[in-house]
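Visitor: Take this structure first; my questions come after.
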Amino acid sequence: MAVVCSKADWFVSSCSTSLVAVNLKQSREPFVFDCAKAETKPKEADGDSKSAGEGSEEKDSGSDRILAFAVSASGKHAALTDDHKRLVLFCTEPSWQCISTRWVVRRCTSLVFTQAEDEVFVADKSGDVYSFSVLEPQKPGELKLGHLSMLLDVTLSPDDKYIITADRDEKIRVSFRRSPYNIQAFCLEHREFVSALLVPAGHPDWLLSGSGDGTMKVWHYESGRRLHSVDLRQLTLDSENTDTEKRFAVSRIISSPDGKHIAVQCERLPSVQLFVVDSGTEGCLSPAETLALPHAPWDMTFDSQKQLWVLLETEDVNVLLYQYSEQHWKLCDSETPELRRVTEVLQAQWNIFKGSVGLESPFKHLFKVNFDNMASYLQKKQERLEQESRKRAAAAANGSKPNKRSKTESSTVPQNTS
């Protein structure tokens with residue numbers, strides 16, 4: 001699937017093996033990075049990895065598909081990881097340039113830069129988090145913490161004091177960044193895997209989390225206390241007139257730069273749910289609008305001008321732009337300069353995106369599978385009772401008494417051979 005992010009003057013998207021960056025303010029050539037042409041892992045480095053216990057995955061078993069990317073708060077740095085376990089670091093000023101390629105231990109699921117932009121944290125599928133230096137771009141990563149299950153997202157508090165991780169087993173952990181073995185709190189009310197985390201702008205003590213249980217929750221993460229919960233099935237599915245028993249995951253939660261608006265995207269649903277942050281209330285979000293889309297979105301992002309960008313799975317209309325005006329979100333004209341610039345670049349690079357159209361959800365295999373053993377037992381018991389009832393009826397019709405002893409019992413009775 002495709003992912004987007006907007007920081008400073010850049011609109012950045014990744015899909016398949018490529019990352020594409022478009023400048024929103026200037027007519028400049030887009031930056032395109034193809035992982036298929038990236039640096040390959042030296043044999044001696046591969047040997048070192050195996051000696052360090054990193055060789056459980058075959059070197060050539062992966063593709064060059066981008067798994068995650070992130071852009072720093074200032075927009076001066078970006079990083080991506082791919083299926084070949086590369087971690088590629090970029091600087092974006094004065095122009096985009098790859099400054100290092102390092103190697104992670106396991107395939108990754110999420111990246112985040114510190115606010116100071118001196119480190120990038122990498123969460124992987126085995127449940128570990130590593131930190132990589134930005135100031136020393138060739139320095140190997142350092143293991144910081146670990147979970148017992150796959151990590152799906154990682155974020156940091158705005159003051160870089162806490163590192164917050166979410167895993168497949170419904171847990172959100174808040175740890176001290178400088179000493180991650182010290183756990184500050186857990187946030188433990190989701191019923192399925194936790195798929196999205198966000199510390200919203202303007203509310204540095206809040207944490208928003210989305211899950212495969214179809215809910216979004218607001219936490220005071222330092223204490224682990226839940227402040228508010230929203231059942232998105234009641235908002236999104238009812239507006240779509242679809243089955244309310246349908247399972248889906250929250251795939252993205254984003255905040256406008258001023259912290260007044262929250263946008264939530266759910267997998268496979270052709271809509272975006274918007275909330276307004278209630279001033280003067282503790283962690284309360286009020287549903288504002290549901291943006292109906294022509295197709296299910298790949299991803300979405302807010303830019304520095306508080307505009308909402310939505311990336312779609314179609315070539316003709318591949319991106320939509322919304323502005324907040326007169327208490328409503330309104331679709332921008334297609335001739336808006338920045339929208340036209342992004343649309344033209346994405347259409348020119350559509351061969352990067354077309355292979356990801358219609359792919360199954362990455363969350364499909366993460367849902368719990370329930371086995372109803374009691375229903376199976378009761379069904380077999382009913383069948384057994386019905387079979388015995390038929391035998392009795394047949395015996396009564398023949399005028400003989402039914403033999404209550406089973407074959408097993410008969411076979412164990414001693415026979416008189418005299």
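The values are calculated or read from the model by the stated rules, or taken from the named source; none is laboratory data. The model shown is predicted, which means the values in this text are computed figures rather than measured ones. Cβ atoms come from the backbone with ideal geometry, glycine included; neighbour counts cover every protein chain shown. Accessible surface areas use protein heavy atoms only, side chains included; no ligands, DNA or RNA. Shrake-Rupley method; radii C 1.70, N 1.55, O 1.52, S 1.80 Å.
Visitor: What is the residue count in the range 152-168 for residues that are over 17 Å from residue 202 (Cα atoms) and either at pLDDT below 95 or under 13 Å from the mean Cα position of the chain (by Cα) (or both)?
Guide: Counting residues in the range 152-168 that are over 17 Å from residue 202 (Cα atoms) and either at pLDDT below 95 or under 13 Å from the mean Cα position of the chain (by Cα) (or both) gives 7.
Visitor: Determine which single condition residue 304 fails, assuming it passes every other condition in (1) among the small types (Gly, Ala, Ser); (2) modelled with pLDDT of 90 or more; (3) out of contact with any Lys or Arg (no Cβ under 8 Å at 6 or more places or on another chain); (4) in a loop (DSSP other than H, G, I, E, B).
Guide: Of everything listed in (1) among the small types (Gly, Ala, Ser); (2) modelled with pLDDT of 90 or more; (3) out of contact with any Lys or Arg (no Cβ under 8 Å at 6 or more places or on another chain); (4) in a loop (DSSP other than H, G, I, E, B), residue 304 misses just condition (3).
Visitor: Going through the range 225-247 one residue at a time, which ones are open to solvent by 20 Å² or more (accessible area, probe 1.4 Å) and modelled with pLDDT of 90 or more?
Guide: Within the range 225-247, 225, 226, 227, 228, 229, 231 qualify.
Visitor: As an exercise: evaluate residue 27 against (1) modelled with pLDDT of 90 or more; (2) out of contact with any Asp or Glu (no Cβ under 9 Å at 6 or more places or on another chain) and give the number of the one condition it does not meet.
Guide: Every condition holds for residue 27 apart from (1).
Visitor: Could you list, ordered by first residue, the pairs with Cβ atoms under 6 Å in which the first is in the range 318-342 and of a type in the set (S, T, N, Q) and the second is open to solvent by less than 20 Å² (accessible area, probe 1.4 Å) and not in a loop (DSSP other than H, G, I, E, B), at least 6 apart or interchain?
Guide: Within 6 Å, the pairs are 318/312; 318/346.
Visitor: Can you name the residue in the range 104-124 that is within 17 Å of the chain's Cα centre (by Cα) and polar (S, T, N, Q) and is also most open to solvent (accessible area, probe 1.4 Å) among such residues?
Guide: Of everything passing the filter in the range 104-124, 109 is most open to solvent (accessible area, probe 1.4 Å).
Visitor: While we're here: Take the range 305-337 and flag every residue that is open to solvent by less than 30 Å² (accessible area, probe 1.4 Å) and of a type in the set (Phe, Trp, Tyr).
Guide: Of everything in the range 305-337, those that are open to solvent by less than 30 Å² (accessible area, probe 1.4 Å) and of a type in the set (Phe, Trp, Tyr) turn out to be 309, 322, 329.
Visitor: What are the pairs, 6+ residues apart or on separate chains, where a residue within the range 248-274 that is open to solvent by 10 Å² or more (accessible area, probe 1.4 Å) has its Cβ under 8 Å from a residue that is basic (Lys, Arg)?
Guide: Going by the 8 Å Cβ cut-off, the qualifying pairs are 257/306; 258/306; 261/306.
Visitor: Identify the residue in the range 127-141 that is open to solvent by less than 50 Å² (accessible area, probe 1.4 Å) and not β-branched (Val, Ile, Thr) and, among all such residues, is farthest from residue 180 (Cα to Cα).
Guide: 137
Visitor: Quick one: in the range 5-43, which of the residues that are open to solvent by 50 Å² or more (accessible area, probe 1.4 Å) and β-branched (Val, Ile, Thr) is farthest from residue 77 (Cα to Cα)? Steps first, answer last, please.
Guide: Applying the first criterion (open to solvent by 50 Å² or more (accessible area, probe 1.4 Å)) to the range 5-43 yields 7, 9, 25-29, 32, 36-37, 39-40, 43.
Next cut, β-branched (Val, Ile, Thr) only: 32, 40.
Values: 32: 15, 40: 22 Å.
Out of the qualifying residues, it is 40.
Visitor: Residue 370 versus (1) surrounded by 15 or more Cβ atoms within 10 Å (Cβ to Cβ); (2) modelled with pLDDT under 90: which is the lone unmet condition?
Guide: All conditions pass for residue 370, except number (1).
Visitor: Can you work out which of the residues in the range 350-367 that are modelled with pLDDT under 85, open to solvent by less than 100 Å² (accessible area, probe 1.4 Å) and not β-branched (Val, Ile, Thr) is farthest from residue 213 (Cα to Cα)?
Guide: The extreme case among them is 355.
Visitor: A further question follows. Filter the range 146-160 for residues that are open to solvent by 30 Å² or more (accessible area, probe 1.4 Å) and not charged (D, E, K, R); which is nearest to residue 117 (Cα to Cα)?
Guide: 158
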